[in-house]
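Right, one structure below, let's go through it.
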């Protein structure tokens, strides 16, 4: 039996990883006031940009009493925006990597298709679905929810 290819894609529940390399959870000491900082976001984005399949955050306690260090994040309303930013930025990298054009579309991309269809150049197109999707042929972030 051969070991799995560390560079091959892998699934972890509903998430497809680009490879099997995972940056393990560590306490980085980058959470003064026990909140996410720009430094912590950048700390996790660097491996994501470099190609690791997943990066994980450690030491997010459910209460201040559950922490082993007074600077560790604990769940409370003021911690949510930073955690959301950390997650959104990291997931954005995953979605960009999965899109052939290497970026996430924006409203201008859809507007350009609308302008084309409304112009004389689009005058002979009728009854067609125009996919403005950056070339993806599957969801670029698989959440395990079936397509409709």
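For the range 94-111, a residue qualifies if it is part of a helix (DSSP H, G or I) and out of contact with any helix residue (DSSP H, G or I) (no Cβ under 9 Å at 6 or more places or on another chain), and the qualifying residues are 95, 96, 98, 107, 108, 109, 110, 111. Screening residue 33 on (1) modelled with pLDDT under 85; (2) outside any loop (DSSP other than H, G, I, E, B); (3) farther than 25 Å from residue 136 by Cα shows it passes everything except condition (1).
Listed here are the residues, each with its yes/no results for (1) farther than 30 Å from residue 6 by Cβ; (2) surrounded by 12 or more Cβ atoms within 10 Å (Cβ to Cβ); (3) at pLDDT below 90.
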site	(1), (2), (3)
27	no, yes, yes
42	no, yes, yes
81	yes, no, no
93	no, yes, yes
105	yes, yes, yes
111	yes, no, yes
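If you check residue 91 against the conditions, is it part of a helix (DSSP H, G or I), under 24 Å from residue 136 (Cβ atoms) and touching a residue at least 12 places away in the same chain (Cβ under 8 Å)? Yes, satisfied.
For residue 139, the requirement of being surrounded by 10 or more Cβ atoms within 10 Å (Cβ to Cβ) and modelled with pLDDT under 80 is met. If you check 45, 7 for being in contact with a helix residue (DSSP H, G or I) (Cβ under 7 Å, 6 or more places away or on another chain), touching a residue at least 12 places away in the same chain (Cβ under 8 Å) and within 21 Å of residue 98 (Cα to Cα), only one passes: 45.
The residues of the range 48-88 that are touching a residue at least 12 places away in the same chain (Cβ under 8 Å), within 17 Å of residue 24 (Cα to Cα) and in a helix (DSSP H, G or I), listed by number, are 48, 49, 86.
Within the range 112-121, the set of residues being in a helix (DSSP H, G or I) and farther than 20 Å from residue 135 by Cα comprises 118, 120, 121. The residues of the range 77-89 that are touching a helix residue (DSSP H, G or I) at 6+ places or on another chain (Cβ under 9 Å) and more than 9 Å from residue 35 (Cβ to Cβ), listed by number, are 85, 86, 89. Taking the range 52-65 as the range and being loosely packed, with under 15 Cβ neighbours inside 10 Å and touching a helix residue (DSSP H, G or I) at 6+ places or on another chain (Cβ under 8 Å) as the test, only 64 passes.
The values are calculated or read from the model by the stated rules, or taken from the named source; none is laboratory data. All values reported here derive from a predicted model rather than from experimental measurement. Ideal geometry is used to build each Cβ from the backbone, glycine not excepted, and the neighbour counts take in all protein chains shown.
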